[in-house]
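Worksheet: the structure to be examined is printed underneath.
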Amino acid sequence: MSASAWRWNAIVAEVFGTFLFFFIGMASVASAGVDRTMIAFAHGLALAVMVSALGAVSGGHFNPAVTMGLWLASRMSGRRALAYVIAQLIGALAAAALIGYVFNSPEAVKENVPTLGQGVDVLRGSILEAVATAGLLVAVFGTAVDPRAPRTIAGLGIGFAVAAGILAIGPVTGGAMNPARWFGPAVVSGTITTDSIVWIAGPLVGAAVVAVIWRLLFLPEADAQTGADV
């Protein structure tokens, strides 16, 4: 198979994996209501399965923040990162649209748009999303990217990081940790607001901090120990 075919396979995997991850997560919100534990584990388990199943094809990002982090750490090219982000946004839109159809309710989509809790402003919400996303990126780099990483548990570790993030900050920000997770239902339901920067800037800043730390401090040490090339 040609190199270009392999690249397209990775992009298709990002669309497909993002769609399935989000559809399962959104369905849990539409059906579970305020049961935060069920919502957290539905998202976490879905992501764990998608990363384990499709990681060998695309790396299993399914999140623009993860893709940006790997780009900042020089683990992928800017062109490939942009293609991944577009693929993830397409998957997010498809998942949100199908949720609206199968639940036969615009509210099923609208309630999947992250919102700020009472007393939480844009700055505080952005910080919460940034810190939770940093935890997710630590799991990504620590279990899947670092040459010393125990890759056999990558899917599980990354899925647990998402579940933990939702349990921790879900009631106050929705616990998206993923700009695409906000983008899909927000666009389909037409609920883009001035607060939307929380779910864009927050995750991207958190991912950037971890990526820079890993690139400058941890990856050089890992490469020295393993003899790997960055």
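Read-outs throughout are calculated quantities, based only on the coordinates presented, and are distinct from any laboratory measurement. Note that the structure is predicted; figures quoted are calculated from it, not measured. Every residue, glycine as well, gets a Cβ built from its backbone with ideal geometry; the counts of neighbours run over all protein chains shown.
D for the chain, whole µm²/s, Stokes-Einstein with Kirkwood Rh over alpha-carbon pairs at 25 °C and 0.890 mPa s: what number? Working shown, then result.
Numbers: Rh = 17.4 Å.
Here the translational diffusion coefficient equals 141 µm²/s.
Label reach from T115 (point 7 Å along Cα→C-beta): in the range 167-190, amide nitrogens under 13 Å belong to 171-174. R7 label point, 7 Å along Cα→Cβ, cut-off 15 Å on backbone N: hits in the range 76-92? 76-87, by backbone N distance to the label point.
Karplus-based coupling profile of the range 187-192, in residue order and whole Hz: 5, 5, 8, x, 10, 6, with θ = phi - 60° in 6.51 cos²θ - 1.76 cosθ + 1.60 and x standing for Gly or Pro. Potential lengthening of the chain between V34 and Q225 amounts to 64.1 nm, from the contour at 0.36 nm per residue minus the alpha-carbon distance. For the range 123-230, the Stokes-Einstein estimate of translational diffusion at 10 °C and a viscosity of 1.306 mPa s comes to 108 µm²/s, using the Kirkwood hydrodynamic radius over alpha-carbon pairs. Using θ = phi - 60° in the Karplus curve 6.51 cos²θ - 1.76 cosθ + 1.60, the 3J(HN,Hα) couplings for the range 172-184 round to 10, 9, x, x, 6, 6, 6, x, 5, 5, 6, 4, x Hz; x is entered for Gly and Pro.
What does the helix-only formula give at 222 nm for the chain: each DSSP H stretch with n ≥ 4 adding -39500 (n - 2.57), the total divided by the residues, and the result rounded to the nearest 500 deg cm²/dmol? All intermediate terms of the calculation are to be shown ahead of the outcome.
On the way: 10 runs with 166 residues, N = 230.
Helix contribution divided over all residues of the chain: -24000 deg cm²/dmol.
Remark on R75: its backbone amide H falls under 5 Å from none of the residues 5 or more positions apart or on other chains, H modelled at 1.01 Å from N. Taken about its Cα centre, the chain carries a charge dipole of roughly 340 debye when the Cβ of each Lys and Arg holds +1 and the Cβ of each Asp and Glu holds -1.
Here the 3J(HN,Hα) profile of the range 25-41, calculated from phi with Karplus coefficients 6.51, -1.76 and 1.60 at θ = phi - 60°, is x, 5, 4, 5, 5, 5, 9, 9, x, 8, 6, 5, 5, 4, 5, 4, 6 Hz, Gly and Pro shown as x.
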